[in-house]
Amino acid sequence: MITMELDKLIENIECKKINYENVEITGLSYNSTTTDDGNIFICLVGENADGHNFVKDAEKRGAVAIFAEHEVESDLPQIIVKSTRHQIADIADKFYGSPSKAINLIGVTGTNGKTTVTHLIQKIFEHESKRCALIGTLGYKLNAKDLYREAKFTTPQAPELQRLLYQIKFEYHIDNIAMEVSSHSLEQRRVGNCDFKGAVLTNLTQDHLDYHVTMDNYFNAKAILFKGLNEGNFAVINADDEYAQKFIEIIPNGVNLYTYGIKKKADIMAENIEFTPDGAKFLLKYKDETIDVSLHMNGMFSVYNVLAALTTAVANKLDIKYAIEAISDVTGVAGRFEIVHKKPMIIVDYAHTPDGLENVLKTAREITPADGNLICVFGCGGDRDATKRPKMGAIAENLADKVVVTSDNPRSENPEQIISDIMSGFKSVNSDKVIVEADRGKAIALLKNIAKENDVIIVAGKGHEDYQILKDKTIHFDDREEVRKIFEEKEDN
């Protein structure tokens, strides 16, 4: 059990002290319902709740000190700082002894592809007999065969993250970690004080503008990861991305830069790319070598993800041929272009951005038989960037033969309004091509009546998620389960 005197925990923090005494701290808590004896309670101010209002609850559960932005009604020692949200990372890192400094921590950021790239990196390290953990959207894994554990956010809040880094290094004795790093976690300093030895950029396209408002703000959030690199660290950049040069320009001196791409000249490139129903093939160009690569994954986005992982391997001084061998049998990641039924071919994918939907539909078109239709089922999330809704509608209309517009996670918004926003992107609404069904379960059920055996169907937006967030509740809902249920019933009849 880790403990630390309050004096040491806050020794480098500019603060005001009230009722101060040097107590023993046994842990960090920002949720009063999970506070334990000896914890310091951190008053975070969120969108829906203010931690300062829950100090009494935390006291009852054993809190011995308060970390707040203003004085509260309590006899406990109070440490008052300007922003608890920005300084929670400082005390979390301090409490757990700066574990990231002892780890080869690789951060992967970008709008799309983070999950797949981190999984590929993990596979590559393990193929080289180097243990590698993974932290991301689906949870965390101590090895490639491990089950996912505790999935709450793409990147956990600072106390959970620092505790996890400590456990991975000092309890499980793992030296390498591939971690998804979201723009929110960078902006909110959830990864503050993390000592990243490398940063990987997949791409930067429209997403999260409900939070960041502009693409410049979105870029600036992602850029924090790269600006924080130190001399001798590495950066891996997608040379084909529109923002590639901007990222390259902000990388500090002394950081080793590696690029990958297909269109623009890069350190590692893919040429002569071919797609079949079984996967992708291409020639990999690296230095003076040309290497044949065969994948069980499909789509141009998969080629980019593989290039990102292979370039990361090179940046870590791993043998590229062994790295290619490591990923040759990877079939994909849960909810990422996951084939859940074969005739018709039904693919569930997490694509929830304009760029993501476009990439997935273009890939699906490559494997759609000449006598088959490409069908797209999708919706858009509520309480999120509304400007992408008509764009995604236009993409679906342009690339698919038939479109079923439905709900995603409507949250507090009216599902019909979200659908209306999507439909505004259509040039025309032909009932033979476009169907609207707000109930996602019913929308998927429609497929058994409108799809033929040679059709290819993309069910986009939710991917691995096994829930749906409605206005007043969250229900169990898994696109993959719904597809299997409907088509198994069809086969039984």
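Computed from the coordinates by the stated procedures, all read-outs in this text should not be read as laboratory data. Here the structure is a predicted model, which is why all the values come from computation and not from measurement. Cβ placement follows ideal geometry from the backbone for every residue including glycine, while neighbour counts extend to all protein chains displayed.
For the chain, I need the span (max minus min coordinate) of the C-alpha atoms along each principal axis, in Å, sorted largest to smallest.
77, 57, 42
Around P99, what is the net charge, scoring Lys/Arg as +1 and Asp/Glu as -1 over all other residues with Cβ under 10 Å from its Cβ?
+1
Using DSSP, restrict attention to beta bridges with both residues in the chain and report what percent are antiparallel, rounded to the nearest 5.
If I count the DSSP bridges inside the chain, around 40 percent turn out antiparallel.
Just to confirm the filter: which trypsin sites (Lys or Arg not before Pro) across region 198-284 are DSSP coil and have at most 14 other Cβ within 10 angstrom of their Cβ?
Those that pass, being in a loop and sparsely packed, are K263, K264, K265.
Pop a pseudo-label 7 angstrom from the Cα along the beta-carbon direction at both I13 and S431 and give the gap in nm to one decimal.
Simple spin-label model gives 6.3 nm for this pair.
Order of T276, T259 from fewest to most other C-beta atoms within 10 Å?
Lowest to highest Cβ neighbour count: T276, T259.
Taking only the Cα atoms of region 4-95, how large is their convex hull per residue, in Å³?
Value for region 4-95: 83 Å³ per residue.
If you take the square roots of the eigenvalues of the alpha-carbon gyration tensor of region 402-493 and sort them as a ≥ b ≥ c, do you get rounded (a/c under 1.5), prolate (a/b over b/c) or oblate?
oblate
Pick out, in residue order, every one of the GluC sites (Glu not before Pro) in region 233-292 that is DSSP loop and has at most 13 other C-beta atoms within 10 Å; say none if there are none.
In loop regions of region 233-292 (DSSP not H, G, I, E or B), the sparsely surrounded GluC sites (Glu not before Pro) are E242.
Which stretch or stretches of region 115-152 have amide N atoms under 14 Å from the point lying 7 Å from D329's Cα along the Cα→Cβ direction?
Counting backbone N atoms under 14 Å from the label point, the list is 123-124, 126-128, 144-145.
Take the alpha-carbon centre of region 319-381, take the same for region 416-487, and report the distance between them in whole Å.
Here the answer is 17 Å between Cα centres.
So which of K130/K281; K101/K265; K101/K263 end up more than 31 Å apart, counting from Cα to Cα?
The answer is K101/K265; K101/K263.
Mind scanning K169/K197; K402/K452; K285/K362 and naming the pairs with a C-alpha gap bigger than 18 Å?
K285/K362
Just in region 299-397: which chymotrypsin sites (Phe, Trp or Tyr not before Pro) are loop by DSSP and have at most 15 other Cβ atoms within 10 Å?
In loop regions of region 299-397 (DSSP not H, G, I, E or B), there are no sparsely surrounded chymotrypsin sites (Phe, Trp or Tyr not before Pro).
Want the number for D439 to K471: 0.36 nm per residue separation, take away the alpha-carbon distance, what's left?
10.2 nm
Percent of Cα-Cα pairs per 10 Å bin, from 0 to the last occupied bin, for region 338-492, please list those.
Using 10 Å bins, I get a P(r) of 11, 46, 35, 7, 0 for region 338-492.
Using a Förster distance of 51 Å, how high is the FRET efficiency between L283 and K82, based on the Cβ-Cβ distance and rounded to 0.05?
It comes out at approximately 0.40.
Expected output is a single nm value to one decimal: the length gained when fully extending between K343 and K265, i.e. 0.36 nm times separation in residues minus the C-alpha distance. What is it?
Stretched fully, the K343-K265 segment lengthens by 24.1 nm.
So for each of 472-485, 163-176 I average, over its residues, the number of other beta carbons within 10 Å; can you give me the resulting order with the highest mean first?
Going from most to least packed, we get 163-176, 472-485.
Relative to the first principal axis of the alpha-carbon coordinates of the chain, what is the inclination of helix 114-127, with its axis defined by its Cα atoms, in degrees from 0 to 90 and to the nearest 10?
80
Regarding region 99-327, what's the average projected area of the Cα-atom convex hull, expressed in nm²?
The directionally averaged projection comes out at 12.0 nm².
Measuring from label point to label point, each 7 Å out along Cα→Cβ, what is the K227 to E453 span in nm?
Simple spin-label model gives 5.9 nm for this pair.
Using r as the Cβ-Cβ distance of Q167 and S424, and R0 as 41 Å, what FRET efficiency do you calculate, to the nearest 0.05?
Result of the calculation: an efficiency of 0.25.
Quick one: helix 215-227 against the long Cα principal axis of the chain, what's the angle to the nearest 10°, folded into 0 to 90?
That works out to roughly 60 degrees.
Calculate for the chain the 222 nm mean residue ellipticity that helices alone would give, adding -39,500 (n - 2.57) per DSSP H run of length 4 or more and normalising by residue count, nearest 500 deg cm²/dmol.
After summing the helix terms and dividing by residue count, I get -9000 deg cm²/dmol.
Please give the Cα centre distance for region 81-133 versus region 230-301, rounded to the nearest Å.
Taking the Cα centre of each part, region 81-133 and region 230-301 sit 22 Å apart.
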